[in-house]
Structures are given as C-alpha cells and as structure tokens.
Amino acid sequence: MVEKQNTPEIRFEGFTDPWEQRKFLDVVDVCSGKDYKHLKEGSIPVYGTGGFMTSVDEALSHDRDAVGIGRKGTIDKPYLLKAPFWTVDTLFYAIPKSDIDLEFVHCSFLNVDWKSKDESTGLPSLSKEAINETIALVPSFNEQSQLGEFFNNLDTLITLHQRKHEKLCTVKKSMLDKMFPKPGETEPEIRFEGFTDPWEQRKLGELLLFQNGFNGSSESFGSGIPLISVMDVLDDEFITHETVRGKARLNYEEASRYCVEYGDVLFQRSSENQEDAGTSNVYLDQHVPSAFGGFVIRGKKVDEYNPIFIKYLLGSSLIREQITHRAQGAQHINVSQDTLADVVLLMPSMREQEAVGLVFLHLANLITLHQRKLDLLKNMKKSLLDKMFV
C-alpha cells in the first residue's frame, strides 16, 4: 500500500516539499479568555460582548493578533482577532508561534471539524486539550505566507460583495418606506416626475378573490405538478413554475380549483411570530400555472393591477402594519381570508405602478446578482480550503 504524500492537491508554483505533521500545541499558544466584569469601559474591544473595555491588570494585555474560537456554543466558527483585544471566558484565543503565519492558522482552524471534538451532551463545548492535540499539517513559512495572503485577499473580496449586498438591501428598505404611502398619508414621499394624481383608496378584496390551498393525504406529495408552499412565498424572488420547490399529485378537478396563474398573490396563512404574519409573494410565470398548498392563501387576480408593483406594495409599512395588527393566535399567528380582504390599499395609475415596479424589480435583480456572486465566492473559498490544505 502506497502511503499518501502530505501535500495538497493545489499548490503555488515553486513549492514541492511535503507538509510537516504537527499538533496545534506546537503551532499556536492556546489561551483562555478572562472574566471581563472587573474591567472598566475603554477603547479595547471585548470579543463575546460587543463592548469595549480598558484593562485594570496590565498583565492581561494582548498585543498580538490571534485566532478566536468558542469554548461553548460557537466552537465551529473560528475568526480573527486584531490586537489589542479581550476575549470573555467562554472563548479561547490562539496566538501563532514565531514560525507560523496568522492567516495560515486561521485557514487551518477553518478546515477542522470542530463539532466532531464536542465534549458535551448539551451545549457544544470545546476544551483547550482538544485544540492542542488536534493534528495540523504545516508547510514552510514562505508557503504559509502565500496561502495566508491568498485567502486574506479572497476574504476581502467576499467582504466587499457582502457590504454591497447589505447596502442594496438597505436602499431597498429605504425606498419601500419612501416610494409607498406611510400609515396616515395618502401619497408617497418620493414620486417620479410627471405623476401628480392622488393615489386611489381600494380594498385588497376588490383586487383579489381568496381561497385556502390544497390539503391531500401524505401519499399525494413528493411527485406530480409543482405545489407552492410557504417556503416559496417567503422567497425574496418572485415565484415561477421552475422555482417552486414542492410537488403533489392532483386530479383534474383539484388542479383546476387550486390553480395559480400569472399575477396571483400568495400569502402565508400561519407563522411563528407576529412580524411574519401574512407575508406575501406573487406568481410571475406567464406561460405555465402551478398549484398551491394548504398553509397558503391564494389571492386570485380579479381586477387590474401591475403584479410587480403589488408585490412591493404589499411589503410596505402601510400594508404590513394592517396585516400584522389583525393577525391572531397563540402558538401560531394566523391570517384569515377576511383579514386580507379588509386591508386598505392606496393605488396610483397603471403607468405609475409600472414605473415603480420596474425600479424595484431592477433593484431586486441587483441584490440577487450580488447574493449569487457572494455565494459563488464563499463556495469557491470552501473548495479551495479543501484543495490547498492537506
């Protein structure tokens, strides 16, 4: 049997020596966090509290960067600590030894299955001994440095896309607040040039005819035609025939009764909290219909509106406050058809609906684009960690 060589699948050019097997005990100094309650407020961040402290015991100061990892609860999420810092007593911090690169150690920690080293029967718990005895494979310092720099640059790129995504989400939230009337107002704060007519008051029941979804036997589910569930309703993107997750076998009469077509609105019937009650989405497939399940209420389109506009209108504060205020329940918060039918809307002309809808659709596409780039980069990092480390 040929012994596997201690080298990664992918390496930088010029490096050929096998990696050396070492314990983390020989790679880092693992230290325990301190009780922070004796510290006074200051400028030093205390990881684990989100606060800032200043030391009353100079012997506890940390002047070197380190890798942090939870002793309890968060043992599978190593992160970088920048000096000076404090860690609370539920955290460890690992300071690299003189011949070890910090970023390389961070990647090495990310590559360990820390959950397999859980020593508790309840809340995940990790001991200093478990870290010290964990085997790491370590290359020369030069190769460590190149690996560390590579993954640091990749993390910077991931952070950049994360911030862009968060900024776009913030812009969307602000625009929902400003481009739709607030409670007690009849017009939005921001309108496109050329639109001056007041928005018309309507009830949701004038636009939609409501019906609860299909409830079949357990044998009905798993195959058949696409069946819209709460998970599809909660998706940020519009629902189409291709995006529906579930399937069910419906006969001809059932398929006709529970049919969902372009422009229909789907609502979540039951939720675990008041804030999510009656969350809605719109079916935007112009070619193929779907069906909808029992935990969903369908609003069949019976009057004119722009389907893209209606999705974002129903997510505005004016509508959400009405729905969540009227939702009822103890363990589960439920929304009825009558509650939805009585919701008061303010609607502009079709031309203005189309203009507003297109803006939000463009913004949603940008958010989705950055989310996909972010997911791609995170998956790339995960794959490279597997291929560039032993």
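The values are calculated or read from the model by the stated rules, or taken from the named source; none is laboratory data. Here the structure is a predicted model, which means the values were calculated and not measured. For neighbour counting, all protein chains shown are included, and Cβ atoms are generated from backbone atoms with ideal geometry for every residue, glycine included.
Of all residues in the range 198-229, how many are assigned to a helix (DSSP H, G or I) and either modelled with pLDDT of 95 or more or not assigned by TED's automatic domain parsing to the domain that holds residue 299 (or both)?
4
Can you spot a residue in the range 360-374 that is crowded, with 17+ Cβ neighbours inside 10 Å and in a strand (DSSP E or B)?
Within the range 360-374, none of the residues are crowded, with 17+ Cβ neighbours inside 10 Å and in a strand (DSSP E or B).
Got a sec? Which of 272, 254 is among the acidic types (Asp, Glu), farther than 16 Å from residue 233 by Cβ and assigned by TED's automatic domain parsing to the domain that holds residue 208? Steps first, please.
Details: 272 fails: farther than 16 Å from residue 233 by Cβ.
Just one listed residue meets the conditions, 254.
Out of 151, 85, 141, which single residue is within 18 Å of residue 384 (Cα to Cα) and in contact (Cβ under 8 Å) with a residue 24 or more places away in the chain?
That would be 151, the only listed residue that is within 18 Å of residue 384 (Cα to Cα) and in contact (Cβ under 8 Å) with a residue 24 or more places away in the chain.
Condition (residue is assigned by TED's automatic domain parsing to the domain that holds residue 365, outside any loop (DSSP other than H, G, I, E, B) and either crowded, with 16+ Cβ neighbours inside 10 Å or of a type outside the set (Asp, Glu) (or both)) applied to the range 177-192: is it met by at least one residue?
Yes.
Go through the range 78-111 and give me each residue that's surrounded by fewer than 21 Cβ atoms within 10 Å (Cβ to Cβ), at pLDDT 85 or above and charged (D, E, K, R).
82, 97, 99
Restricting attention to the range 316-336, and to residues there that are surrounded by fewer than 18 Cβ atoms within 10 Å (Cβ to Cβ) and small (Gly, Ala, Ser), which single residue is modelled with the highest pLDDT? I'd like the intermediate steps shown before the answer.
Initially, the range 316-336 is screened for residues surrounded by fewer than 18 Cβ atoms within 10 Å (Cβ to Cβ), giving 317, 321, 325-326, 328-332, 334, 336.
From the residues that got through so far, the ones that are small (Gly, Ala, Ser) too are 317, 329-330, 336.
Values: 317: 88, 329: 84, 330: 76, 336: 95.
My answer is 336.
Has the range 191-205 got at least one residue that is touching a residue at least 12 places away in the same chain (Cβ under 8 Å), touching a strand residue (DSSP E or B) at 6+ places or on another chain (Cβ under 7 Å) and more than 24 Å from residue 303 (Cα to Cα)?
No - not one qualifying residue is present in the range 191-205.
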